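In what follows, a single structure is set out as structure tokens and then discussed.
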Amino acid sequence: MSSTRLPGTPRLLRALNDRAALELLLEQGPLTRARLGELTGLSKVTASQLVERLEERGLVTRVGEQAGGRGPNAQLYAVRPGSAHVVGVDVGPDRVVAACADITGAVIGRVEQSTRDTDDPVGVVHNAVVQAASSAQAQLSSVRRIVLGTPGLVDPASGDITFAFNLPRWHSGLLAALREDLHTPVVFENDVNLAAVAEAQSGAARGVTDFVLVWVGAGVGLAIMLGGRLHHGSSGAAGEIGYLPVPGAPIPRDVSRRAKPAFQQLVGADAIRTLAREHGYPDDAAGAVRAAIADGTAGGPMLDEVARRLALGVASTCVVLDPPLVVLAGEVGQAGGAALAERVQHEVAAITLVRPQVVSTGLTEEPILRGALRTALDAVRDEVFGSTVG
């Protein structure tokens, strides 16, 4: 057996230890060198060398002291928030929202802009990103990644938009234009996929590696999380559940003409508004669902019909993927809460062999933006924390 040392092994171990220490500092807040050593299993000397290395690289900083027994107080260390920044952007048909977070994940800047009166998507995103960084008092050069959530298809190979539902001004070539304009890595991701990332981080799917998220609002979409990773499909169209050919709606044969696809016709916001009028509820999809729930038994027939329609898409998805969990999100999914989710769960079990748990979203505010920031942070932490040993 050869006794030759594997090249780079000590360096690799240092990098792994550094990453573990930085993650602990992010999760648990300021820690002393001794406590970091205990949590990582490193000796006092190794832990001290690690902290010095991270301090020299500007990744950690002293933030105070911890009073001890005998002897001098121990220094407390934390990740230096300004060591890197990210920007998340939620792009909708009428507005763009951008938020800037430091490397700890704290959101320190946010802007919102209307997109109704412009034909310049590059300019809109540029202004939103610059103003979000400015409001966070962060230099644009410290922004290491920008993640944009957009409705429609993102080509997994090129990363560019190939089809944007509700955003006719968004086109192929936009990614290169934004990267050249901002001199920063820019990434597009489908908006419903980003909502699933946020749901996995801090919502109803926390701790669940396999689940699907069904988004019901103006548009209808699906995100598929398998083994803790998003499934995009070969063309980025995985999850375009609006195009499911389902009973109860005509199936358009030329989707390029922007005819509403079958499942979208059944459960999109327009369909829910029509249903609401028939049942005497407000002409507002989410508001009508909330009103039906508040009506108790009297609102049951409308909720039953929404659940029956939704279950067609959920059941079709679940007999293929068989996930343990389905999360209902979007304005209608959120408004429906447990009352709608339980009805969908019961209906899916009645018409298929699978019995997934169906729940309403655990997030109330800006899931797409939160997912964009989380996606950007994960990538930037890999870059910054993974290069601590030179």
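Before rounding to the nearest 500, sum -39500 (n - 2.57) across all DSSP H runs of length at least 4 in the chain and divide by the residue total; then give [θ] at 222 nm in deg cm²/dmol.
On the way: 12 runs with 166 residues, N = 390.
Value at 222 nm, helices only, nearest 500: -13500 deg cm²/dmol.
Take 274-283, 329-338 and order them by the average number of nearby Cβ atoms within 10 Å per residue, most first; the result is 329-338, 274-283.
The peptide list 193-204, 113-124, 46-57, put in order of mean Cβ contacts within 10 Å with the highest first, becomes 193-204, 46-57, 113-124.
In a shell of Cβ-Cβ distance under 10 Å around G362, excluding G362 itself, what net charge do Lys and Arg (+1) and Asp and Glu (-1) give? Spelling it out: positives minus negatives among the neighbours equals 0.
Each DSSP beta bridge with both residues in segment 206-362 is either parallel or antiparallel, and the antiparallel ones are about 50%. Labels on offer are (1) 18.2; (2) 22.1; (3) 25.9, and the one holding mean projected area of the Cα convex hull in nm² computed from this structure is (3). The antiparallel fraction among DSSP beta bridges confined to the chain stands at about 65%. Hydrophobic, long helices, defined as DSSP H runs whose alpha-carbon span along the helix axis is 27 Å or greater and whose mean Kyte-Doolittle value is at least 0.0, occur in the chain at 300-321. What net charge is computed for the residues neighbouring D210, neighbours being all others with C-beta under 14 Å from the C-beta of D210, Lys and Arg scored +1, Asp and Glu -1? Surrounding charge for D210 is 0.
Counting pairs of alpha carbon atoms under 8 Å apart in space and at least six apart in sequence, what relative contact order in percent does segment 94-161 give? List each step's numbers first, then the result.
Details: 77 pairs, mean separation 18.2, N = 68.
Relative contact order for segment 94-161 comes out at 27 percent.
What net charge do the residues around G336 carry, taking every other residue with its C-beta under 11 Å from that of G336, with Lys and Arg at +1 and Asp and Glu at -1? Net charge around G336: 0. Distance between the modelled labels on Q357 and V107, one decimal in nanometres: 2.7 nm (7 Å Cα→Cβ projection). With the biggest extent put first, the Cα atoms of segment 44-85 measure 39, 21, 10 Å across the principal axes.
With a/c under 1.5 counting as rounded, go ahead and sort segment 206-362 into rounded, prolate or oblate using the C-alpha gyration tensor (a ≥ b ≥ c being the square roots of the eigenvalues; past the cut-off, prolate if a/b is larger than b/c, else oblate). Oblate, since a/c reaches 1.5 and b/c is not below a/b.
Only the coordinates and a few stated rules stand behind these numbers; no lab work does. None of these values were measured; they are calculated from a predicted model. Methodologically, a virtual Cβ is constructed for each residue, glycine included, from the backbone with ideal geometry; neighbour enumeration extends over all protein chains shown.
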